[in-house]
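Colleague: Here it is: the structure, laid out below.
The values are calculated or read from the model by the stated rules, or taken from the named source; none is laboratory data. As the structure is a computational prediction, the values presented were derived from the model and not from experiment. Cβ atoms come from the backbone with ideal geometry, glycine included; neighbour counts cover every protein chain shown. Side chains included, ligands, DNA and RNA excluded: accessible areas come from the protein's heavy atoms. Shrake-Rupley method; radii C 1.70, N 1.55, O 1.52, S 1.80 Å.
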Amino acid sequence: NTQHTTLSMPVRKLFEFLAEQGLIQRCSLKELEHTRLGVEGGWWVRRMSPEEPKYPAMSGEPMTMLAPLKHELQSFAHHNIKPLVVFDGFFTKDRRDDSRAGKLNMAWELHYKGRGAEADALFKQTDRFISQQFIPNVMKYLNESGVDNLRAPYTCWAQLGHFSSTGLVNAVLGDLELLIFGVSRVVLDIDFEQDMVEWVVYNAILHRFALTPDQFLDTCLLAGF
């Protein structure tokens, strides 16, 4: 299932609205074979992060991160999908950081009081966080694996929007916010076991509601994050 609602700050109710309108499409993975696929790097890494409840509390990264990365890259190669992974460059403070810090402090208090199950539940709520300090390690692994990757000057969304508009990538795997930057086809989920892909087509949204790109952007901004 698509995990975008837990991995980012989505445009409010956008996924639910598009699903109700039948604009979230599911089709065979063959549609992505022999394509150049842009990948929203931070979202992609968080999506694969294994459940190790206490690793964020230790200010570290999941020790088993390498296995899902390797498996995902092998799956891309098996289906002749060539990924281009783009990570954020300069970024502003994430407003979720304060909430995450508060949960970690509360979890440690519960841990020291011997309330382990409650502590682990709070630790687990932060286990999709991947620190920016870890990203260079992922990029190093991608380089060693021969996978194209880069840091955008600012946000990866804008960079991937540019790559989409110029035809450098055929689709982009990532979150719905990519639509704000005009990405033509946003892949929300790939199920390699079922050979299925879930995506939304930008022009289909504009056509359905008779919107211009600027009107769609304004609608998303007014909906809020």
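Colleague: Out of the range 148-178, which residues are touching a residue at least 12 places away in the same chain (Cβ under 8 Å), β-branched (Val, Ile, Thr) and open to solvent by 20 Å² or more (accessible area, probe 1.4 Å)?
Modeller: Across the range 148-178, the qualifying residue is only THR155.
Colleague: A further question on this structure: For the range 196-213, does any single residue satisfy the condition of being out of contact with any Cys (no Cβ under 8 Å at 6 or more places or on another chain), of a type in the set (Val, Ile, Thr) and in a strand (DSSP E or B)?
Modeller: yes
Colleague: Right, something else. Of the conditions (1) free of Cβ contacts under 8 Å to residues at least 40 places away in the same chain; (2) within 21 Å of HIS78 (Cβ to Cβ); (3) surrounded by 13 or more Cβ atoms within 10 Å (Cβ to Cβ), LEU217 clears all except one; give me its number.
Modeller: Of everything listed in (1) free of Cβ contacts under 8 Å to residues at least 40 places away in the same chain; (2) within 21 Å of HIS78 (Cβ to Cβ); (3) surrounded by 13 or more Cβ atoms within 10 Å (Cβ to Cβ), LEU217 misses just condition (2).
Colleague: Can I ask one more? ASP97 passes all but one of (1) at pLDDT below 90; (2) over 18 Å from the mean Cα position of the chain (by Cα); which number fails?
Modeller: (2)
Colleague: Looking only at the range 169-195, count how many residues are in a helix (DSSP H, G or I) and farther than 19 Å from LYS13 by Cβ. Before you say what the answer is, go through the steps one by one.
Modeller: Residues of the range 169-195 in a helix (DSSP H, G or I): 176-181.
Checking which are farther than 19 Å from LYS13 by Cβ leaves us with 181.
Result for the range 169-195: 1.
Colleague: Could you tell me which numbered condition GLN133 fails, if it satisfies all but one of (1) open to solvent by 30 Å² or more (accessible area, probe 1.4 Å); (2) modelled with pLDDT of 90 or more; (3) outside any loop (DSSP other than H, G, I, E, B)?
Modeller: Going through (1) open to solvent by 30 Å² or more (accessible area, probe 1.4 Å); (2) modelled with pLDDT of 90 or more; (3) outside any loop (DSSP other than H, G, I, E, B) one by one, GLN133 breaks only (2).
Colleague: Spot the failing condition for ALA210; the list is (1) open to solvent by 20 Å² or more (accessible area, probe 1.4 Å); (2) among the aliphatic types (A, V, I, L, M); (3) in contact (Cβ under 8 Å) with a residue 12 or more places away in the chain, and only one is missed.
Modeller: Every condition holds for ALA210 apart from (3).
A quick yes/no check of all residues on (1) part of a helix (DSSP H, G or I); (2) at pLDDT below 65; (3) more than 27 Å from LEU221 (Cα to Cα); (4) not aliphatic (A, V, I, L, M):
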residue: ASN105; (1), (2), (3), (4): yes, no, yes, yes
residue: ALA121; (1), (2), (3), (4): yes, no, yes, no
residue: LYS140; (1), (2), (3), (4): yes, no, yes, yes
residue: TRP157; (1), (2), (3), (4): yes, no, no, yes
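Colleague: Taking the options TYR141, TYR202, name whichever one is among the aromatic types (Phe, Trp, Tyr), open to solvent by less than 60 Å² (accessible area, probe 1.4 Å) and in contact with a strand residue (DSSP E or B) (Cβ under 9 Å, 6 or more places away or on another chain). Steps first, answer last, please.
Modeller: Values: TYR141 fails: in contact with a strand residue (DSSP E or B) (Cβ under 9 Å, 6 or more places away or on another chain).
After ruling out the rest, the residue left standing is TYR202.
Colleague: Return a yes/no flag: does the range 20-27 have any residue that is at pLDDT 60 or above, closer than 25 Å to ALA223 by Cβ and among the aliphatic types (A, V, I, L, M). Outline the logic, then answer.
Modeller: Of all residues in the range 20-27, those at pLDDT 60 or above come to 20-27.
Retained after the next criterion (residues that are closer than 25 Å to ALA223 by Cβ): 20-26.
Adding the requirement that they be among the aliphatic types (A, V, I, L, M) leaves 23-24.
Looking through the range 20-27, at least one residue is at pLDDT 60 or above, closer than 25 Å to ALA223 by Cβ and among the aliphatic types (A, V, I, L, M).
Colleague: Scan the range 179-195 residue by residue and report those that are in contact with a Cys (Cβ under 9 Å, 6 or more places away or on another chain) and open to solvent by less than 10 Å² (accessible area, probe 1.4 Å). It would help to see each step written out before you state the result.
Modeller: Going residue by residue through the range 179-195, those that are in contact with a Cys (Cβ under 9 Å, 6 or more places away or on another chain) are 179-180.
Within the range 179-195, LEU179 is the sole residue that qualifies.
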